[in-house]
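Here is the structure we will look at, set down as structure tokens.
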Amino acid sequence: MTASVPEIVFLSGSLGELSRTNRLAQWCADQCAPRARTTVFPGAELDLPFYRPGSPPPGPRPARYLAALERADGVVLVSPVYHGTLSGLLKNALDYVNELAGAPQPYLDGRALGCVSIGLGEQGASSTLQTLRTVGHALRSWPTPMGVALSQGRADLTDDGSPVDQQAHTQLTVMLGQVMTMARLNARRRAARAERTVPAAQPAGVTPAAVRAGGVR
């Protein structure tokens with residue numbers, strides 16, 4: 001079996017075009033890009049209608065989002081802290097994962113999940129990080145051992161989204177490394193499943209109809 005390149009999806013929970021959340025999500029993707037296929041959904045691309053269970057996802061945007069998550073071997077969530085928890089934008093996007101209940105890997109089953117919160121205060125950043133991990137468990141993902149809660153000076157970023165604080169930089173690097181390690185395992189499992197589902201080649205001159213009719217001995 002050939003080596004499989006993992007696919008990692010990054011979700012940002014802020015609608016601010018130049019928000020720290022969007023910039024950090026892109027920076028995280030850039031760190032993984034040399035070793036993985038990455039897809040970033042900034043907040044504007046997660047501005048979806050309220051999730052309605054049992055109703056078909058409206059329009060092409062939810063379909064593209066869900067298709068990316070279904071292919072994903074790892075997911076990274078980056079959320080601003082709104083009143084002590086994750087943004088409603090990100091929570092609504094995660095509610096759409098219910099639509100993957102019938103997928104070969106339902107919900108986010110078996111995927112590595114990196115979680116990052118960004119807020120003004122330590123308490124809100126910590127509670128938001130814990131909520132992200134709790135939601136991840138409910139969706140059957142595997143939150144990485146390292147989660148990152150950024151607040152006050154630790155949340156400062158350069159223009160390209162890189163953390164200014166060295167400890168924050170180190171923690172994010174460790175978390176992304178854990179996502180990559182676990183995502184590679186899922187990519188190999190996914191490739192093995194795909195190989196098992198490829199139908200065996202028929203001998204030359206034998207048609208599927210002949211096999212069904214019992215004409216092959």
Open item on the list: If I filter the stretch 196-217 down to residues being part of a helix (DSSP H, G or I) and surrounded by 10 or more Cβ atoms within 10 Å (Cβ to Cβ), which single residue comes out as modelled with the highest pLDDT?
Closed with: A210
Open item on the list: So, R23, is that one surrounded by fewer than 22 Cβ atoms within 10 Å (Cβ to Cβ) and of a type in the set (K, R) or not?
Closed with: no
Task: Single condition A33 does not satisfy, out of (1) over 17 Å from M175 (Cβ atoms); (2) without any contact (Cβ under 8 Å) to a residue 24 or more places away in the chain - done: (1)
TODO: Please go through the stretch 132-184 and pick out each residue that is closer than 18 Å to R111 by Cβ, without any contact (Cβ under 8 Å) to a residue 60 or more places away in the chain, assigned to a helix (DSSP H, G or I) and out of contact with any Cys (no Cβ under 8 Å at 6 or more places or on another chain).
DONE: T134, V135, H137, A138, G177
Open item on the list: The conditions are (1) in contact (Cβ under 8 Å) with a residue 60 or more places away in the chain; (2) under 16 Å from the mean Cα position of the chain (by Cα), and I118 fails exactly one of them. Which is it?
Closed with: (2)
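Could you please give the count of residues in the stretch 15-36 that are among the hydroxyl-bearing types (S, T, Y) and either more than 16 Å from the chain's Cα centre (by Cα) or more than 23 Å from Y82 (Cβ to Cβ) (or both)? Write out each step before concluding.
Of all residues in the stretch 15-36, those among the hydroxyl-bearing types (S, T, Y) come to 19, 21.
Now drop any that are not either more than 16 Å from the chain's Cα centre (by Cα) or more than 23 Å from Y82 (Cβ to Cβ) (or both), which leaves 19.
Summing the residues that are among the hydroxyl-bearing types (S, T, Y) and either more than 16 Å from the chain's Cα centre (by Cα) or more than 23 Å from Y82 (Cβ to Cβ) (or both) in the stretch 15-36 gives 1.
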Open item on the list: Condition check: within 19 Å of S162 (Cα to Cα), surrounded by fewer than 15 Cβ atoms within 10 Å (Cβ to Cβ) and small (G, A, S). Does A67 satisfy that?
Closed with: no
Open item on the list: Restricting to the stretch 73-116, and then to whatever is among the charged types (D, E, K, R) and over 19 Å from S55 (Cβ atoms), can you tell me which residue is surrounded by the most Cβ atoms within 10 Å (Cβ to Cβ)?
Closed with: D73
Task: Condition broken by P104, with the remaining ones in (1) part of a loop (DSSP other than H, G, I, E, B); (2) within 17 Å of C32 (Cα to Cα) satisfied - done: (2)
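To keep it simple, each residue is scored yes or no on (1) touching a residue at least 24 places away in the same chain (Cβ under 8 Å); (2) among the β-branched types (V, I, T); (3) closer than 26 Å to S127 by Cα.
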{"position": "G16", "(1), (2), (3)": "yes, no, yes"}
{"position": "S19", "(1), (2), (3)": "yes, no, yes"}
{"position": "C28", "(1), (2), (3)": "yes, no, yes"}
{"position": "E45", "(1), (2), (3)": "no, no, yes"}
{"position": "R61", "(1), (2), (3)": "no, no, no"}
{"position": "L66", "(1), (2), (3)": "yes, no, no"}
{"position": "T85", "(1), (2), (3)": "yes, yes, yes"}
{"position": "A93", "(1), (2), (3)": "yes, no, yes"}
{"position": "A101", "(1), (2), (3)": "no, no, no"}
Open item on the list: When you check A125 against the structure, is it outside any strand (DSSP E or B), over 19 Å from T181 (Cβ atoms), of a type in the set (G, A, S) and at pLDDT 95 or above, yes or no?
Closed with: yes
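Whether any residue in the stretch 68-78 is touching a residue at least 12 places away in the same chain (Cβ under 8 Å) and over 11 Å from the mean Cα position of the chain (by Cα) is what I want to check.
No, the conditions are met nowhere in the stretch 68-78.
The values are calculated or read from the model by the stated rules, or taken from the named source; none is laboratory data. Computed from a predicted model, the values in this text were never measured in an experiment. Here the Cβ is made from the backbone with ideal geometry for all residues, glycine too, and neighbour counts use every protein chain on show.
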